[in-house]
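Below is one structure, written out as structure tokens; comments come after it.
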């Protein structure tokens, strides 16, 4: 199982080539550009899947409220960016979110649903601001709907992964996935 996760992670990393980071809204539409935006950034993929994985580790209520907190706060960060409101340290905080959430999964520290939702919401504001800062010529509403849909899909993938790993009854697999996420975040931070 761990071998399959490693192969999937390597394939995901290879698929996130910077040359394909943004679809042209004039050619593909603003929704498609927004939907593809988080799918071509390894930092975004890792943290959004990790949010779902972390939420799944806590249980039913968290599987809805934690991803919802992320999406809602991300929309607020996006709105702040398109309104021209500055936010310092966007990229470092985005990268630190990968490390932080990965470590929280790996360490399996006790968190309340509210605490987990607040933690991911903090980071989501920065992710949303990053999306807004890269809006370009896309229409804001359709672009936002696109990246919100992609984010929700990545959260769902993380929840499915968490539930799948949980079926094995071995928390070590989930913790290993968290550690791999944190390590990938460190590697991304060092490469930046």
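General remarks:
- Test for residue 138: is it surrounded by 21 or more Cβ atoms within 10 Å (Cβ to Cβ), in a helix (DSSP H, G or I) and out of contact with any strand residue (DSSP E or B) (no Cβ under 7 Å at 6 or more places or on another chain): no
- Options 41, 52, 59; residue that is buried (at least 18 other Cβ atoms within 10 Å of the Cβ) and either more than 14 Å from residue 161 (Cβ to Cβ) or touching a strand residue (DSSP E or B) at 6+ places or on another chain (Cβ under 9 Å) (or both): 41
- Between 178, 158, 139, the distinction of being more than 14 Å from residue 47 (Cβ to Cβ) and in contact with a helix residue (DSSP H, G or I) (Cβ under 6 Å, 6 or more places away or on another chain) belongs to 139 only.
- Qualifying residue in region 72-81 (condition: buried (at least 17 other Cβ atoms within 10 Å of the Cβ), within 12 Å of the chain's Cα centre (by Cα) and either over 16 Å from residue 147 (Cα atoms) or in contact (Cβ under 8 Å) with a residue 24 or more places away in the chain (or both)): yes
- Among (1) farther than 27 Å from residue 166 by Cα; (2) over 14 Å from the mean Cα position of the chain (by Cα); (3) buried (at least 24 other Cβ atoms within 10 Å of the Cβ), the one test that residue 131 misses: (2)
- Selection status of residue 118, free of Cβ contacts under 8 Å to residues at least 60 places away in the same chain, out of contact with any strand residue (DSSP E or B) (no Cβ under 6 Å at 6 or more places or on another chain) and crowded, with 18+ Cβ neighbours inside 10 Å: no
- Options 118, 124; residue that is modelled with pLDDT of 95 or more, part of a helix (DSSP H, G or I) and under 14 Å from the mean Cα position of the chain (by Cα): 124
- Yes/no for residue 87 being touching a residue at least 40 places away in the same chain (Cβ under 8 Å) and more than 15 Å from residue 148 (Cα to Cα): yes
The values are calculated or read from the model by the stated rules, or taken from the named source; none is laboratory data. Just so it is clear, the structure is predicted and the values come from calculations on it, not from any experiment. Don't worry about glycine lacking a Cβ; one is built from the backbone with ideal geometry, like all the others, and counts go over all protein chains shown.
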